[in-house]
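Here it is, the structure, as structure tokens.
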Amino acid sequence: MPKTFPDNSVGLVVPQLMQFSEPLMLACGRELNNYQLAYETYGQLNANRSNAVLICHALSSNHHAAGYHEGDEKPGWWDACIGPGKPIDTQRFFVVCANNIGGCHGSTGPSSINPATGKPWGPDFPPLRARDWVHAQARLGDKLGIHQWAAIVGGSLGGMQAMRWSLEYPEKLRHCVVIASAMKLTAQNIAFNEIARNAIRSDPDFHQGNYAEYNTIPKRGLTLARMIGHVTYLSDDLMGRKFGRELRSGNFQQGSYNPVEFEVESYLHYQGDKFSEVFDANTYILITRILDYFDLAREYDDDPVKAFSQALCQFLVISFTTDWRFAPERSREITDALIAAGKDVCYAEIDAPQGHDAFLLPIERYLSLFAAYMQRVADEVSI
């Protein structure tokens, strides 16, 4: 961790835990008792509690969205967008980001102890839906004394949560920011998720999800799952620019015993190995299932216009040209449905070569547009 922080950093941050004793009724019909949420906050809540912004994280992220933990060399996953003078300006907003239930970074999830058995939940953890996350987040907001969010913001799976918020608690948010997301996954997306899950389940150390009882983890399967996912988050153009066909080691000489490894192979192995050391396999399976099952309009007769007619907030929708995992067409579908429902919506398609991961990166045009919209949100609240 650097001794001094950049001027636009929120600096050193400490995660917090919020305990909940009231049972949470889940979409699957089961209840979750005595659960906890890990979360972080940045900035100050103003006197009338009107400047709060909720950040909804994506699949592999968590509550550490900005700033540095003690000993960190790198900041939180969305530090490019959260901090003094950044799009989500902590000089004007009070920012909250929570690790979702079912997660593996402090919130109650499969690796937590099941009070009924005294052992980790493992594969017995209840199946979840995005609405369960929203209900848990709403309770966190209540505990923090926030009765209406100035904005709820999310990218990818986080964008799905933000949209679900606008339907479940329409009076509790004034703006909804949906970045690189969709109202439901395509068949191709579901297929990639199932391949990744099968990689985990096929690992001999998986033990049908009960690997904690064997004091092991399905490292190989989780590494492969991450490699599969990571390829889909990058564009072909970016991978070509970053790696091309450059060799990490070896040569093509006939008869050589020095095996060839391309730079892109080395990169994927590194990303997969790193991920397998910090993420829980049961959580990965659980969250990718939530992604697959998400369908914003299912209970509204499969009519997204009817679904969005429930919303009361204003919307910003952003997509990226080379994102083929959550293509711009999906964001245009969201925008078209909002327009047809008579909602106030701004839409922008950002020309960027980085693929789906573009929403995490400091792309100038993206940050400028995002900042302009959030400035409009900030101007509505009394600081």
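Pairs needed: first member in region 67-85, at pLDDT 95 or above and outside any loop (DSSP other than H, G, I, E, B); second member anywhere, among the small types (Gly, Ala, Ser) and open to solvent by less than 40 Å² (accessible area, probe 1.4 Å); C-beta distance under 6 Å; at least 6 residues apart or different chains.
Taking only residues 6 or more apart or on different chains, the pairs are Ile82/Ala65; Ile82/Ala66; Gly83/Ser9; Gly83/Ala66.
Right, Ser9: free of Cβ contacts under 8 Å to residues at least 60 places away in the same chain and out of contact with any Lys or Arg (no Cβ under 8 Å at 6 or more places or on another chain) or not? Break it down stepwise before answering.
On the way: free of Cβ contacts under 8 Å to residues at least 60 places away in the same chain: no; out of contact with any Lys or Arg (no Cβ under 8 Å at 6 or more places or on another chain): yes.
It is false that Ser9 is free of Cβ contacts under 8 Å to residues at least 60 places away in the same chain and out of contact with any Lys or Arg (no Cβ under 8 Å at 6 or more places or on another chain).
OK, next. Looking only at region 330-383, count how many residues are open to solvent by 20 Å² or more (accessible area, probe 1.4 Å), in a helix (DSSP H, G or I) and over 14 Å from Cys313 (Cα atoms).
Taking region 330-383 as the starting set, the residues that turn out to be open to solvent by 20 Å² or more (accessible area, probe 1.4 Å) are 330, 332-333, 336, 339-347, 349, 351, 353-354, 357, 360-365, 367-369, 371-372, 375-376, 379-380, 382-383.
When the remaining residues are screened for being in a helix (DSSP H, G or I), the result is 330, 332-333, 336, 339-340, 357, 360, 364-365, 367-369, 371-372, 375-376, 379.
With the extra rule that they be over 14 Å from Cys313 (Cα atoms), the set shrinks to 330, 332-333, 336, 340, 357, 360, 364-365, 367-369, 371-372, 375, 379.
The total comes to 16.
Restricting attention to region 1-55, and to residues there that are open to solvent by 50 Å² or more (accessible area, probe 1.4 Å) and among the small types (Gly, Ala, Ser), which single residue is farthest from the chain's Cα centre (by Cα)?
Per the criteria, the residue is Ala47.
What pairs come up if the first residue lies in region 113-127 and is more than 18 Å from Leu26 (Cα to Cα), the second is crowded, with 16+ Cβ neighbours inside 10 Å, and their beta carbons are under 8 Å apart, counting only those six or more places apart or on different chains?
Ile113/Pro120; Ile113/Trp121; Lys119/Ala212; Pro120/Pro110; Pro120/Ser111; Pro120/Ser112; Pro120/Ala212
Considering each of Arg131, Arg164, Arg92, Arg174 in turn, give the residue that is under 15 Å from the mean Cα position of the chain (by Cα), at pLDDT 95 or above and open to solvent by 30 Å² or more (accessible area, probe 1.4 Å). Please lay out each step first, then the result.
Values: Arg164 fails: open to solvent by 30 Å² or more (accessible area, probe 1.4 Å); Arg92 fails: under 15 Å from the mean Cα position of the chain (by Cα); Arg174 fails: under 15 Å from the mean Cα position of the chain (by Cα).
After ruling out the rest, the residue left standing is Arg131.
A further question on this structure: Cβ-Cβ distance below 7 Å, separation of 6 or more or different chains: which pairs start in region 136-159 with a residue that is farther than 15 Å from Asn100 by Cβ and end on one that is of a type in the set (Val, Ile, Thr) and assigned to a helix (DSSP H, G or I)?
Ala150/Val377; Ala151/Val377
Contact list please: Cβ distance under 8 Å, first residue in region 363-383 and touching a residue at least 12 places away in the same chain (Cβ under 8 Å) and more than 25 Å from His147 (Cα to Cα), second residue of a type outside the set (Ser, Thr, Tyr) and part of a helix (DSSP H, G or I), pairs at least six apart or on different chains.
Sorted first by the residue in region 363-383, then by its partner, the pairs are Tyr366/Ala358; Tyr366/Phe359.
Next up: Considering only region 129-155, how many residues are assigned to a loop (DSSP other than H, G, I, E, B) and out of contact with any Lys or Arg (no Cβ under 8 Å at 6 or more places or on another chain)?
Total meeting the criteria: 2.
Got a number for residues in region 24-38 being modelled with pLDDT of 95 or more and not in a strand (DSSP E or B)?
Count: 5.
Pull out all pairs, ordered by first then second residue, where Cβ-Cβ is under 6 Å, the residues are six or more apart or on different chains, the first lies in region 197-210 and is more than 20 Å from Leu59 (Cα to Cα), and the second is among the charged types (D, E, K, R).
Pairs that qualify, where the first residue is more than 20 Å from Leu59 (Cα to Cα) and the partner is among the charged types (D, E, K, R), are Asp203/Arg220.
Another one. Among (1) at positive phi; (2) touching a Phe, Trp or Tyr at 6+ places or on another chain (Cβ under 7 Å); (3) modelled with pLDDT of 95 or more, where does Leu338 come up short?
(1)
Then there's this: With respect to Ile287, determine if the residue is hydrophobic (A, V, I, L, M, F, W, C), part of a loop (DSSP other than H, G, I, E, B), surrounded by 15 or more Cβ atoms within 10 Å (Cβ to Cβ) and at pLDDT 90 or above.
Working: hydrophobic (A, V, I, L, M, F, W, C): yes; part of a loop (DSSP other than H, G, I, E, B): no; surrounded by 15 or more Cβ atoms within 10 Å (Cβ to Cβ): yes; at pLDDT 90 or above: yes.
Judged against the criteria, Ile287 is not a match.
The values are calculated or read from the model by the stated rules, or taken from the named source; none is laboratory data. These figures come from a predicted structure and were not determined experimentally. For neighbour counting, all protein chains shown are included, and Cβ atoms are generated from backbone atoms with ideal geometry for every residue, glycine included. Heads up: the accessible areas ignore ligands, DNA and RNA and are worked out on the full protein's heavy atoms, side chains in. Shrake-Rupley method; radii C 1.70, N 1.55, O 1.52, S 1.80 Å.
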